[in-house]
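Read the structure below first, then the notes.
The values are calculated or read from the model by the stated rules, or taken from the named source; none is laboratory data. Note that this is a predicted model, so its numbers are computed, not measured. Cβ coordinates were reconstructed from backbone atoms using ideal geometry, including for glycine residues, and neighbour counts include every protein chain displayed. When the accessible area is computed, the model is the full protein with side chains, heavy atoms only, and any ligands, DNA or RNA have been set aside. Shrake-Rupley method; radii C 1.70, N 1.55, O 1.52, S 1.80 Å.
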Amino acid sequence: MSQRYTITAALPYTNGPLHIGHLAGVYVPADIYARYLRMQGADVAFVCGSDEHGVPITIKAKKEGITPQDVVDKYHAIIKQSFLDFGITFDNYSRTSAPIHHETASDFFKTMYDKGKFLEETNAQLYDAEANQFLADRFVTGTCPKCGFEEAYGDQCENCGTSHNATDLINPKSAISGAVPSLKETKHWFLPLDQYDAFFREWILKGHKKDWKSNVYGQCKSWIDDGLRPRAVTRDLDWGIPVPVEGADGKVLYVWFDAPIGYISATKEWAAREGKEWEPYWKDENTKLVHFIGKDNIVFHCIIFPAMLKGHGDYILPENVPANEFLNLEGRKLSTSKNWAVWLHEYLEDFPDKQDVLRYVLTANAPEGKDNDFTWKDFQQRNNSELVATFGNFINRVTVLTHKYYDGVVPKISALSEIDRKTLGEMAAYPQVIGNSIEKYRFREAQNLLMNLARLGNKYLADEEPWKTIKTDEERTKTVMCVALQIAATLAGLCEPFLPHTSTKLKKILNLSSDLNLYRRPEKKHNTPSKHEIDATILPGHIINTSELLFSKIEDAEIQKQLDKLEASRKANEAENAVAEPQKETIGFDDFTKIDMRVGTITEAEKVPKTKKLMKLTVDTGIDTRTIVSGIAESFTAEEIIGKKVTVLVNLAPRALRGVESQGMILMTEDTNGKLVFLNPDTDGVKNGETIN
């Protein structure tokens, strides 16, 4: 009987599209794992779905003047398409607004309620009198009580990752009206996490000290050692799953409570569609449950959801929760609200058919043990130097030479040399060593091993030089090409979990079955082949198809376009959050009357040699014609400012700049993009020399 796995990936929140941080932190590693297990012959249920309840969605709906359902419908479609585009092979991608989820979550709550697993309390919660609404989660912001971050949300600080209650915030403020909230009593149900302290110390601190990632174990230990406290499972909202008990009008299940139950409802939905029983995937002790999440979800999947499963009583607990840290972008934290992100749907518009390139780079830079950084220059370098020059180059040389020498027919070997047998022996070991790394959730390491196989192929060709031996030893050349083709075929099979689109393309080039599976090959007694035999993946006499490039070079202009896009976002954020400089020291009226500002016209302009910013201007001030040096060369050309009316401070003491005496100052400011703008008197009839009062 094959091993059964339930693999879950964090439910993406449907208040916006997906970006590269989501893909790197959760969905690519989860997909690599699921694909590999299927190739191993495991019984896999890989489930996910859109998280469609909670405060951020209602806030977005209010801002846009639409309903919450409109918001989730829009982004559910975008997110689901992104997963399809990038080859994320969910067995089922559901949504928490689906009737089956409402039913499943309600039943789950009711079972725990009937077993007395909740505390019912009336306590004071933050309330916005202007909006006539309790302030749950992201309806309130304030200063984090742990790190002092001033824009923490009511449920979590995005700066330090700490979860807390809205009432813990310092200087809270309503995100709806901006008002300072008051405290008002309301009734809610709580999950008494403190009652599970002994369970968590035994299950996590003792039971998973060695097999859980250190970042996951460490965060769990910190939570447990700090003392677990009851946590509300209901909220005063009108968007979500109604609390299914009497006296709960106007209350819904807290999104963190209903969302993880979405894994169960997604499994139910899949099983019903496939004619399977869903319960073994969640209730059989022989099933391995694995959660793929980002570090901001560790506490929910390692503490809160297991407490729910334990309290319910019928469900298995996760075997592992291989959470990743965060991916940054060009040295800065990814931010959806500030548009500091690489959106997946936009990426495919700029880089069509390059899904695997992004999968590859994100896995190579996976934030498995610490935060990591995505840069466009590194993206370009890894594509050009690794995918194109290493992987793609090897495949291209092998297939081109096979067609050139043998019309695409795989040649027969004559006798294997020591280097042939050594190379084939190393090649045969790769399925197991790559698989071992995947099973340990070391996806970055596993992908690098895959690339080492491509490097092995390149080195073998470079050392054996078939383009030379074809002129002197045809039989030797046949053997070399046959060995090289085995490496190419092995790459086609082994790259599927990492580069699924590339695997499909390469299998087509080599005319191999789409079902080629090298991770499940029966074990051999000997890795090193005999002198005249090889364990062939691609047999002599087999005909391969015409060669085509697997990857294409990414040019500097394409990368600059992405950097320009980010720079535009940065400037837009700076402009939006710009704070006017404070007023300077107060001056007396007599001091003010000393300032002499006149209207002038620029009559000549030229850039000051060997400078970036300085421009030498000749200005008619109406009282004279003078030279002024101004730092405007990065914002204007000389040609476009000749004839421009300007405001000139004419009684400023002369000053030498780069050997040119400047006799005044042109008044300027900056626009939202940081470009200089003239403070100019453009009204018709204003003459040069007119004073400005």
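Selection of the stretch 98-131 for residues being open to solvent by less than 30 Å² (accessible area, probe 1.4 Å) and either modelled with pLDDT of 95 or more or within 25 Å of Ala266 (Cβ to Cβ) (or both) yields Ala98, His101, Thr104, Ala105, Ser106, Phe108, Phe109, Met112, Phe118.
Of everything listed in (1) more than 30 Å from Asn573 (Cβ to Cβ); (2) at pLDDT below 90, the single unmet condition for Leu617 is (2). Filtering the stretch 585-632 to residues that are closer than 18 Å to Arg658 by Cα and β-branched (Val, Ile, Thr) leaves Val608, Thr611, Thr618, Thr627, Ile628, Val629, Ile632. Scanning the stretch 221-247 for residues that are among the aliphatic types (A, V, I, L, M) and either at pLDDT 90 or above or farther than 15 Å from Gly54 by Cβ (or both) yields Ile224, Leu228, Ala232, Val233, Ile241, Val243, Val245. When Ala389, Ala415 are checked against the criterion of being at pLDDT 95 or above and either surrounded by fewer than 17 Cβ atoms within 10 Å (Cβ to Cβ) or farther than 26 Å from Asp356 by Cα (or both), a single residue qualifies: Ala389.
Restricting attention to the stretch 450-491, the residues being free of Cβ contacts under 8 Å to residues at least 40 places away in the same chain and closer than 19 Å to Ala389 by Cα number 5. Screening Leu424, Leu358 for residues that are at pLDDT 95 or above, in a helix (DSSP H, G or I) and within 17 Å of the chain's Cα centre (by Cα) leaves exactly one candidate, Leu358.
Applying the criterion of at least 1 residues that are modelled with pLDDT of 95 or more and within 27 Å of the chain's Cα centre (by Cα) to the helices (runs of 4 or more DSSP H) found wholly in the stretch 461-576 leaves 474-494, 500-509, 556-576. Remark: pairs (first residue in the stretch 526-552, farther than 14 Å from Cys482 by Cα; second residue charged (D, E, K, R) and modelled with pLDDT of 70 or more; Cβ separation under 6 Å; 6+ apart in sequence or on different chains) = Thr528/Arg421.
Filtered by the rule that a residue be in a loop (DSSP other than H, G, I, E, B) and of a type in the set (A, V, I, L, M, F, W, C), the stretch 325-347 gives Phe326, Leu334, Ala341, Val342. Taking first residues from the stretch 274-293 that are farther than 11 Å from Thr8 by Cα and open to solvent by less than 10 Å² (accessible area, probe 1.4 Å) and partners that are among the aromatic types (Phe, Trp, Tyr) and not in a helix (DSSP H, G or I), the Cβ contacts under 6 Å between residues at least 6 apart in sequence or on separate chains come to Trp282/Tyr315.
Of all positions in the stretch 676-692, none carries a residue that is surrounded by fewer than 15 Cβ atoms within 10 Å (Cβ to Cβ), at pLDDT 90 or above and in a loop (DSSP other than H, G, I, E, B). In this entry, Leu327 passes the filter for residues that are modelled with pLDDT of 95 or more, of a type in the set (A, V, I, L, M, F, W, C) and under 17 Å from the mean Cα position of the chain (by Cα). Evaluate the following for Ala429: is it assigned to a helix (DSSP H, G or I), of a type outside the set (D, E, K, R) and farther than 30 Å from Lys333 by Cα? Spelling it out, Ala429 is indeed assigned to a helix (DSSP H, G or I), of a type outside the set (D, E, K, R) and farther than 30 Å from Lys333 by Cα. What about Val619, is it open to solvent by less than 20 Å² (accessible area, probe 1.4 Å) and either in contact with a Gly (Cβ under 6 Å, 6 or more places away or on another chain) or charged (D, E, K, R) (or both)? It is true that Val619 is open to solvent by less than 20 Å² (accessible area, probe 1.4 Å) and either in contact with a Gly (Cβ under 6 Å, 6 or more places away or on another chain) or charged (D, E, K, R) (or both). In this structure, is Ala446 of a type in the set (Gly, Ala, Ser), farther than 15 Å from Ala488 by Cβ, assigned to a helix (DSSP H, G or I) and open to solvent by less than 50 Å² (accessible area, probe 1.4 Å)? So Ala446 passes the test. For Asp31, are the conditions met, namely being under 22 Å from Arg444 (Cβ atoms) and touching a residue at least 12 places away in the same chain (Cβ under 8 Å)? Against the criterion (under 22 Å from Arg444 (Cβ atoms) and touching a residue at least 12 places away in the same chain (Cβ under 8 Å)), Asp31 qualifies. Scanning the stretch 178-219 for residues that are closer than 30 Å to Glu150 by Cβ, open to solvent by 50 Å² or more (accessible area, probe 1.4 Å) and within 33 Å of the chain's Cα centre (by Cα) turns up just one, Gln219.
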